[in-house]
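Student: This is the structure, below, for whatever I ask next.
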Amino acid sequence: MIRKRHRKLSLMYFLTIVFILFAGYGTYSNISDSNYSCRGCNVVLVSIDTLRADHMGLYGYARNTTPNIDKLATNSIVFENMIAQSAWTLPSHASMLTGFYPFRLFANFDLLGSSDSIDGNYSMVSETLSENGYKTAAFTAGGFVGEKYGFGRGFDEYHSTTKTRQVQPQKVYLNESNLVFDWLNDNKNSKFFLFFHTFAPHDPYLPPEPYDTVFDPNYTGKILGSRKNWEPLLSSYYGKLGIIGNDTQSEDIFVKYAVPYYWSFVNESDPEDVEHIKALYDGEILYTDNFIGMLIEKLKQEGVYGKTVVIITSDHGEEFGEHGNFRHAKNLYDTTIKIPLLIHIPGNENDMRVKTVAQHADIVPTVLDILKIKAATNYDGASLISFVKNSKKPVYAFSFHGDLMSMRTDEWKLIGKHGDVNEFYNITSDGGETRNLIENIKRLDSFLALLDRWKQTAGYWFNTAYETVDIMDNLRRIGYVV
């Protein structure tokens, strides 16, 4: 009798978990019957590199880091559980601009060592929109969003700041906003797609004045938060290493020497230092938000804001000691992969919050759905507009990095290594992912059988040429794998 009762309780628990995790039903508020289409509208897609959602006002952050984005959010759809496809720049942007998971896109990819790029069999959204009569332009910070990786495909103009400087080159692009604004002025009478990307919040955290002191003005430690102090010190450091001439302009040199030099000033075990790098990071966010405000104002001045879809997102987050890590690309916890996503659609001025999980691969099908352009392929992602209209659609988000993979709903999260489930979290009650519930699940052998979809996807990921020894070695070399 006891054994039978135990089986019955286990079955009830099992069915409850299966329903909660695999139903994946989203929760919505303020959903109306408004029209979510904007046929023939322009599209501006902004990617703010290394921006974690919980450092933004619209996601409840105490500091006023994003006043302009917060204002835009009041008449946009805000996704509260937007999950990055990966923990670092290149694969996330590849999914963001194609609608496919990274493992499909890099069949012959050799990180930092080859001219191979995104598989040409998978169209970029820029190519699709160009074929539909759109003028297309990208203004990017280069690096892992550079043309050599295939990101230039489909763009009439592709501008990049990979003309490196001693201060990380990707940081300076916001000062060259006139290039973006000139292009908008020249193309305001055409249908256009504008992709803008900046590394501004990326480390090393060196916001320009006055953003370097706005959130922690009384700090007196060793961290270099000012660009004007950083440049001469870095120049002197390069000189001591014998790095001169063109070598000082090399991005590889910057990553190999300058970034570790910056972090040598940071005591990661000192709470004051940790709080200060957070303040500098927040200063970079505020600096970027100022540009977003100018961009929105420019769209209004040119008379195109009322017919422009504006999407703001990021590629991944950042850690400040959570789970024992700093920076990013070392795990798949939400500090690293939970990012912002807001979509402003002209004519739909509601303040709308959507809790259903979203992912990078959803962005392209969403754009095409809004524009009412028929997709010529089946994407890994799906239109988020469909989710808004249909609150009972099952939704999952997958993330990949190195030998790690995660599956996320708005309530639950699985993390595995080489296809085996190692961690299981209730995100609703344990947002910091500190209580691993995997042992509770392992007691239910039949539950693991229902992870076929997860494991099949994981198997496909791990069996591709993307995960080669050379790539893993390169990721370790640049600090992206521990």
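What follows is calculated from the coordinates using simple rules that are stated; it is not laboratory data. Nothing here was measured: the structure is a model prediction, and the numbers come from that model. All Cβ positions, even for glycine, are placed from backbone atoms using ideal geometry, and neighbour counts span all protein chains on display.
Student: At a 10 angstrom cut-off on C-beta neighbours, averaged per residue, how do the peptides 262-269, 368-375 rank from highest to lowest? Working shown, then result.
Tutor: Details: 262-269: 14.6, 368-375: 17.0.
The densest-packed peptide leads the list: 368-375, 262-269.
Student: Using 19 Å as the Cα-Cα cut-off, could you pick out the over-long pairs in Lys135/Lys372; Lys222/Lys330; Lys222/Lys278; Lys298/Lys355; Lys191/Lys298; Lys71/Lys298?
Tutor: Values: Lys135/Lys372 17 Å; Lys222/Lys330 26 Å; Lys222/Lys278 15 Å; Lys298/Lys355 31 Å; Lys191/Lys298 16 Å; Lys71/Lys298 15 Å.
Checking Cα-Cα distances, Lys222/Lys330; Lys298/Lys355 exceed 19 Å.
Student: Taking the Cβ of Phe155 as the centre, find all other residues whose Cβ is under 12 Å away and add up their charges (Lys, Arg: +1; Asp, Glu: -1). All intermediate terms of the calculation are to be shown ahead of the outcome.
Tutor: Numbers: positive: Lys135, Arg153; negative: Glu127, Glu147, Asp156, Glu157.
Charge balance in the 12 Å sphere: -2.
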